[in-house]
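First comes the structure, then the notes that go with it.
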Amino acid sequence: MKKKILLSICSIILVSLFASTSFAANNIKESPKTKIIIDGKSNKYTKTPINYNGRTMLPFREVSVNLGVPNDDNHIIWNGKDRSIVLKKDGINVSLKIGSKKATINSVEQTLDVEPILHNGSTYIPARFVSQAFGKKVVWDQASNSVLIREESEFNKVKSILEKSNAASNSANNMKCTYSMDMDMTAAGQKSNVKISCDMEIDIKNSISYTKIVMNMLGMSIPTEQYTAGNKVYTQDLLSGGWNYIEIDSELYKNQITQQASLELSEKMYAGLTVDTSSKNDIVLKGNVYMDSLTNQLNQALTGSGIEYDTPYMEITLDKDTYLPKKVKMDMKMTINQTVEGKTEKVTADIKLDMTYTDFNGDFEVKVPDEVIRNAKKAEL
């Protein structure tokens, strides 16, 4: 079973959590695994976040300070008599009251989804409302069980950068890329390491690609090569060294190869990434965020398993003039709870993934060798 899980993870190059939690009406449930990420950085709270009627609630003073409200009695005002809260920042005054769904922003009344409450002696306020009141975008990421909170101007800046990058890469004729993955894995008390390197040459215009893969795992080094052209994928047989092929949907492959260097466009990415202003030679985006495209593949491959993910880290480097991608780095940790014959086995994985892109519109040709086409046999599926 260990090999099955390991190979499933390796074959997709992964990531992310799918932890769905249901809440009864008027129910309070502590959510210690909920991550609060503000402006690309994960925040720690001394009081545990809670879920109240399906809404994330945070301790009012801590979340206010993390949103930039000065931590003093002139900006965070608690009135014990009527149990009301006033928060002041940059000319914005937010008033809330425990037990009331009525709130005001600069004296304009608002209706809340849920009211502020007392829990274990601490006052909790709705994270979405107070964040939006101070001009933040709020995005819930189901995969990583995270609340992503971002300054709206920065949210729009990251959105614009990623859209420009995709426009540039999607218009390229060809490119080269290198992928490497290093994964430390623990299953049934045993530790193992898996390393995968993958070099690709891609003719985007003509939908042809060449891939060389080397997988090192369980004391073995497993190399293979692959060509894809039209409606066929040619793969070198690991034992004989000969070539086999399978038929695929050529239109689907054409669409996939066109987006090979595309970055995910989603509110989660815009909210979770921040621009690194210290970088002078490149555009660098970084933050605690996952790609849905990876997590969806992993969830499908491990259907029936309980998957939990720790706080991820992503770093994207773009050419400052062309916006073409240069590097993508992802670090992630996950736990898989696999049940077999009534027994649950926990598998943990610490994964580092690096992708490097070069030679956009380069002077090279990608071609399936004639001998591969001539000698390849149709694979038995």
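Against the conditions (1) at pLDDT below 80; (2) among the hydroxyl-bearing types (Ser, Thr, Tyr); (3) closer than 26 Å to ASP199 by Cβ, TYR323 satisfies every one except (1). Counting only residues that are among the small types (Gly, Ala, Ser) and at pLDDT below 80, which one in region 22-41 is surrounded by the most Cβ atoms within 10 Å (Cβ to Cβ)? Ranking the qualifying residues of region 22-41, first place goes to GLY40. For LYS159, the criteria (1) among the basic types (Lys, Arg); (2) touching a residue at least 40 places away in the same chain (Cβ under 8 Å); (3) not in a helix (DSSP H, G or I) hold in every case but one, which is (3). Checking each residue in region 80-104 for being of a type in the set (A, V, I, L, M, F, W, C) and under 27 Å from THR48 (Cβ atoms) picks out ILE85, VAL86, LEU87, VAL94, LEU96, ILE98, ALA103.
Among the residues making up region 310-342, those that are farther than 27 Å from SER165 by Cα and β-branched (Val, Ile, Thr) are THR335, ILE336, THR339, VAL340.
The residues in region 194-250 that are in contact with a Lys or Arg (Cβ under 9 Å, 6 or more places away or on another chain), hydrophobic (A, V, I, L, M, F, W, C) and part of a strand (DSSP E or B) can be counted, and the count is 10. Would region 59-82 turn up any residue that is surrounded by 13 or more Cβ atoms within 10 Å (Cβ to Cβ), without any contact (Cβ under 8 Å) to a residue 40 or more places away in the chain, in contact with a Pro (Cβ under 6 Å, 6 or more places away or on another chain) and more than 22 Å from GLU151 (Cβ to Cβ)? No, the conditions are met nowhere in region 59-82. Filtering region 42-58 to residues that are in a loop (DSSP other than H, G, I, E, B) and buried (at least 18 other Cβ atoms within 10 Å of the Cβ) leaves LYS47, PRO49. Being in the same structural domain as ASN244 (by TED's automatic domain parsing), touching an Asp or Glu at 6+ places or on another chain (Cβ under 9 Å) and polar (S, T, N, Q) is a condition met by at least one residue of region 339-358.
Count, please, the residues in region 151-193 that happen to be within 30 Å of ASN337 (Cα to Cα) and polar (S, T, N, Q). Can you show your working first?
Here is the first cut: in region 151-193, the residues within 30 Å of ASN337 (Cα to Cα) are 179-193.
The next check asks that each one be polar (S, T, N, Q); those that pass are 180, 186, 190, 192-193.
So the count comes out to 5.
The values are calculated or read from the model by the stated rules, or taken from the named source; none is laboratory data. Just so it is clear, the structure is predicted and the values come from calculations on it, not from any experiment. Note that each Cβ is placed from the backbone with ideal geometry, even for glycine, and that neighbours are counted across all protein chains shown.
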